[in-house]
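Inspection log for the structure reproduced underneath, given as C-alpha cells.
The values are calculated or read from the model by the stated rules, or taken from the named source; none is laboratory data. Not measured: the values here are computed from a predicted model. Every residue, glycine as well, gets a Cβ built from its backbone with ideal geometry; the counts of neighbours run over all protein chains shown.
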Amino acid sequence: MNQQTPLLQLQELTLHFRTSRGAMRAVDGVDFSLGHGEAVVVLGESGCGKSSLARAILRLLPRNVQTYRGQVYLDGRELMSIEDEEFRKAIRWARISMVPQAAMNSLNPVMKVGDQVAEPMIVHGGVAKEAALANARKMFQHVGVPTDFLDRYAFELSGGMRQRVAIAMALVTAPDLIILDEPTSALDVLTQANIMNVLKRIKKELGVSYILITHDIATSSELADRVAVMYAGQIVEVGDARSFFAAPLHPYSQKLMASVPRLRGDQEPDFITGHPPSLLDLPKGCRFADRCPLRMAKCAEEPPTFNKHGRLVKCWLHG
Amino acid sequence: MLIEDFNKVQLSPIEENVGQSLMSIRDLRVWFELRRWGFGHAGNVRAVDGVSFDIRQGEAIAVVGESGCGKSSLMKTILGLHRPTGGDVSFEGVSLSRLDRRGLKWYRSQVGYVQQDPFAALAPFMNIRRILEEPLIVNGVKDRDERTARIRKALEEVKLSPVEDFLPKFPHMLSGGQQQRIVIARAMILNPKLIVADEPVSMLDASVRVEILKLLRGLQESHNLAVIYITHDLSTVRYFSERIFVMYAGKLVEKAFTPDLLREPRHPYTFALLAATSDPDARNAEVYREVPPGEPPSLVNPPKGCRFHPRCARAMQGLCDVEAPSDFEAAPEHLVNCWLYK
C-alpha cells in the first residue's frame, strides 16, 4: 500500500501443536502485512486457526507447541529472535495488545475495573499508580464508559460496558496494534453497533491498527480496510475491503459471502456443504478442493499465492 | 382500563380471520420476586409484563429482542417451566394452568424445545441412540423395534446419514452443526405440534447457520409445525418466519408480518434495531451507526409511561413519559405499542 515499512509483517508464520494423534497444524505458513493505522479483518470458520494466529503473533503459547517458526517484523524489527522476558516487557501489551475472546467475562471479579485498566501501565510502563489511574480515566472517556465506573467491580457493569473496559485495558499502554478476537460476538445488536462505533472512533483519533478476528462477516465490514480469509490454517485470500465485499475471488470466500443472511436485498443465503479438513490430517493439494464447486485436476497440487491486481489469492483459478 | 384496551385491540384483527389458533397467550405476566435477606419482599422483576399473541398451526413466528428483555422468560413459560404470575397460556384451547402432572406430560410431548447451545443440551455420557430414545421411553413407547424405527426416521429427517454411523457416537464426536441436528431430532421425535427454538444458530458458525435454519424451515413446512423462533438477529428472521414480534423490556412493542415490518418498521425501537444491523458492505467502515443512547431499563423499576421513552428520539413530553401506550393498528395487522400511531 504505502512505501514506508509496514507496522507488522508476518513471513511463513507457523504454529503446530502436539497432540496424541499427531501434529495439529493450526497456523501453517501465514504471510501477511499490516500498515500503520490500518484495520485488517481475519475471517474464518471456527477451527480454521484464526485465534491461534493471534496467539502466535503475541507469543501466548500453550505448553504443547511442537513447531513455532517463521518471521514476525514489527516496524522492521524482527521479533522471533527476542527472548521471552524481553518480549513480555517490550512488546506484548507495550506495542501489541489484545482484546481476548469473551473479554467481558475475563475481567477480574475482585478488582475494581479502574485498577484493572491501570494495571498494564504500571506493569509495562513503570508508571506510578496515580498517573496510571488518571490515564485509565482518560481511556474510559475514549471508550465511552462513565468515569464514575472506575471504582466499580465487573459484576456491576452490563455486558457492553464490560467489553468497553476490556478495550480500554488494551488501549491504555498506547500500543500500535490491537488484536481483537471476536470482540462483539456475544453482544446484542445495539451494543455491537455501539462497540463498533467506539472502535472506529479510536482508530480515527489515536491512529491504532487493528487485527480483527471474527467469523461475523457482516459486522466485520464495519471496521475493515482490508480482509484476509483463513481456511484450514492458511490465508487463502487477502484484498482491500471494497473489492473483497463487492466480489471475493477465492471460491471459499465466495461461498462464505453467499452464506451471510442479509437484511437488505433479496439474495437467498446459501450454505457450504461438507466440513473443513481436520488440522491433524490435511490434504496434500488445495485444502478447500473437497468442498469446492469449481475444482479441477490441478487442485490436487497445492496452489501458490497469486497476485491479481494487488489482491492475493491462493487458488489455481487465478493463476 | 389499559388492560381491557389491550385485549380489545389485540383480539379483533388477529383472531377473526384465523380458523384454529394452536396456542393463545393472553396478557401474560411472569414476575420474579426479589427477596431481601432471603425472606423480605424487595420488589419484582417483571420479566414478561402483559404479552398477548396467537400462533396458528403451521406458522413460524419470531420473537426478537435483546438479552434481558424477557424473551427467555416468555419462552420458559410457554414450555411450562415457569408458572405465569398473571394472564394465561392456552394450547388447543386448554389453559396450561389447568393441567395436572399427567396433563403437563402430554403437553410437553406436544411441544419440542431446541436449545441455544447444543453441546450443553446433550448429555455428554449418552450416545446419540440413547439421547433420542429417552423421550420415547419416558412417553411409553415400549416396543424396542418401534423406538429404533422412530430414531432412524428422526435422524434421516435432520439429514444425518448414514444413520448407523451416528447412533453409537457421543456428542463430543460431532461438529456443532451436527449436534444441533441431534437437538432438533430430539425435539421432533415425539411428533410435536409446536417447536420452541431459542437462538438455535447463535452458537454455530456463519456457514452452518443458514443450513440449520433451512432444515428447521423444511421440517416446519413438511410437518405443518408451528415454530416460535427466539432470536436477537433480525437478518436471519426474514428467511424463517411469517410474523415478527419485537420485544422490549417485558412487552411486545411491535407485531407484524415479516415483510411489512422489515420494509416499514414503525416503532422507534424496531427502527433502531434495523438500523444497527449490518450487511457486508465496505461502505460501513466509513460511517458511524446511529444507536439510541443508554441501555435497556431495569425490569424491577421500569420507566413510567412507555418503557422506551428515555432512549427514544421521538418521545413526546407529557405523554410518553406519563402514560403507557396500548397497541395501535398502524396498518392492517400491524400493531405498534407507541403513541405515534394513535
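Residue A:167 meets each of the listed conditions (1) away from every other protein chain (no Cβ under 14 Å); (2) more than 16 Å from the chain's Cα centre (by Cα); (3) assigned to a helix (DSSP H, G or I); (4) at pLDDT 90 or above apart from (2).
So which residues in segment B:153-212 are hydroxyl-bearing (Ser, Thr, Tyr), assigned to a loop (DSSP other than H, G, I, E, B) and either within 12 Å of chain A (Cβ to nearest Cβ) or closer than 23 Å to residue A:182 by Cβ (or both), if there are any at all?
Result: B:175, B:202.
Name the residue, out of A:117, A:123, that is within 17 Å of residue A:174 (Cα to Cα), in a helix (DSSP H, G or I) and within 23 Å of the chain's Cα centre (by Cα). Going through A:117, A:123 in turn, the sole match is A:117. Residues that are under 22 Å from residue B:212 (Cβ atoms) and surrounded by fewer than 18 Cβ atoms within 10 Å (Cβ to Cβ) within segment A:278-301 comprise A:278, A:290, A:293, listed in sequence order. Of the strands (runs of 3 or more DSSP E) lying entirely inside segment A:205-248, those containing at least 1 residues that are under 21 Å from residue A:269 (Cα atoms) and in contact with a Phe, Trp or Tyr (Cβ under 9 Å, 6 or more places away or on another chain) span A:226-231.
Among residues that are of a type in the set (A, V, I, L, M) and buried (at least 20 other Cβ atoms within 10 Å of the Cβ), residue B:208 is included.
Residue-wise test of (1) on the phi > 0 side of the Ramachandran plot; (2) of a type in the set (Val, Ile, Thr); (3) surrounded by fewer than 19 Cβ atoms within 10 Å (Cβ to Cβ); (4) in the same structural domain as residue A:87 (by TED's automatic domain parsing).
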site: A:104; (1), (2), (3), (4): no, no, no, no
site: A:121; (1), (2), (3), (4): no, no, no, no
site: A:128; (1), (2), (3), (4): no, no, yes, no
site: A:139; (1), (2), (3), (4): no, no, no, no
site: A:160; (1), (2), (3), (4): no, no, no, no
site: A:169; (1), (2), (3), (4): no, no, no, no
site: A:183; (1), (2), (3), (4): no, no, no, yes
site: A:190; (1), (2), (3), (4): no, no, no, yes
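Quickly run through segment B:160-203 and pick out the residues that are under 17 Å from the mean Cα position of the chain (by Cα) and small (Gly, Ala, Ser). Hits for segment B:160-203 are B:187, B:197, B:202. Filtering segment A:200-213 to residues that are surrounded by fewer than 23 Cβ atoms within 10 Å (Cβ to Cβ) and either β-branched (Val, Ile, Thr) or at the interface with chain B (Cβ under 9 Å from one of its Cβ atoms) (or both) leaves A:200, A:201, A:202, A:208. Pairs linking a residue in segment B:86-106 that is touching a residue at least 24 places away in the same chain (Cβ under 8 Å) to a residue that is surrounded by 12 or more Cβ atoms within 10 Å (Cβ to Cβ) and among the basic types (Lys, Arg), with Cβ atoms under 9 Å and 6 or more positions apart or on different chains, are B:86/B:29; B:87/B:26; B:87/B:29; B:88/B:26; B:89/B:26; B:90/B:26; B:91/B:193; B:92/B:193.
Scoring residue A:279 on the criteria (1) more than 10 Å from chain B (Cβ to nearest Cβ); (2) assigned to a helix (DSSP H, G or I); (3) of a type outside the set (S, T, N, Q); (4) in contact with a strand residue (DSSP E or B) (Cβ under 8 Å, 6 or more places away or on another chain) leaves a single failure, condition (2). Residues of segment A:81-100 that are closer than 18 Å to residue A:176 by Cα and not β-branched (Val, Ile, Thr): A:86, A:87, A:88, A:89, A:90, A:92, A:93, A:94, A:95, A:97, A:98, A:100.
Against the list (1) assigned to a loop (DSSP other than H, G, I, E, B); (2) at negative phi, the condition residue A:174 fails is (2).
Is it the case that segment A:282-295 has a residue that's in a strand (DSSP E or B), away from every other protein chain (no Cβ under 14 Å) and in contact (Cβ under 8 Å) with a residue 60 or more places away in the chain? There is no residue in segment A:282-295 that is in a strand (DSSP E or B), away from every other protein chain (no Cβ under 14 Å) and in contact (Cβ under 8 Å) with a residue 60 or more places away in the chain. Every condition in (1) at the interface with chain B (Cβ under 10 Å from one of its Cβ atoms); (2) at pLDDT 90 or above; (3) more than 30 Å from residue A:9 (Cα to Cα) is met by residue A:197 except one, and the failing one is (3). Residue by residue through segment A:177-192, note down the ones that are within 12 Å of another protein chain (Cβ to nearest Cβ) and either without any contact (Cβ under 8 Å) to a residue 12 or more places away in the chain or in a strand (DSSP E or B) (or both). Within segment A:177-192, A:189, A:190 meet the criteria.
Any residue in segment A:143-150 that is among the aromatic types (Phe, Trp, Tyr) and either within 14 Å of chain B (Cβ to nearest Cβ) or within 17 Å of residue A:94 (Cα to Cα) (or both)? Looking through segment A:143-150, at least one residue is among the aromatic types (Phe, Trp, Tyr) and either within 14 Å of chain B (Cβ to nearest Cβ) or within 17 Å of residue A:94 (Cα to Cα) (or both). Regarding segment A:248-269, can at least one residue be identified that is touching a Gly at 6+ places or on another chain (Cβ under 7 Å), within 10 Å of another protein chain (Cβ to nearest Cβ), under 24 Å from residue A:52 (Cβ atoms) and not aliphatic (A, V, I, L, M)? Among the residues of segment A:248-269, not one is touching a Gly at 6+ places or on another chain (Cβ under 7 Å), within 10 Å of another protein chain (Cβ to nearest Cβ), under 24 Å from residue A:52 (Cβ atoms) and not aliphatic (A, V, I, L, M), which makes the answer no. Residue by residue through segment B:104-126, note down the ones that are closer than 25 Å to residue B:205 by Cβ, touching a helix residue (DSSP H, G or I) at 6+ places or on another chain (Cβ under 9 Å) and either β-branched (Val, Ile, Thr) or assigned to a helix (DSSP H, G or I) (or both). Matches in segment B:104-126: B:114, B:118, B:119, B:121. Output the residues belonging to segment B:273-322 that are part of a helix (DSSP H, G or I), farther than 22 Å from residue A:162 by Cβ and within 13 Å of another protein chain (Cβ to nearest Cβ). Selection gives B:274, B:275, B:282, B:283, B:284, B:285, B:286.
Scanning segment B:213-231 for residues that are within 12 Å of another protein chain (Cβ to nearest Cβ) and surrounded by fewer than 22 Cβ atoms within 10 Å (Cβ to Cβ) yields a count of 3. Note on segment A:1-69: enclosed strands (runs of 3 or more DSSP E) holding 2 or more residues that are more than 23 Å from residue B:205 (Cβ to Cβ) and of a type in the set (S, T, N, Q) are A:8-19.
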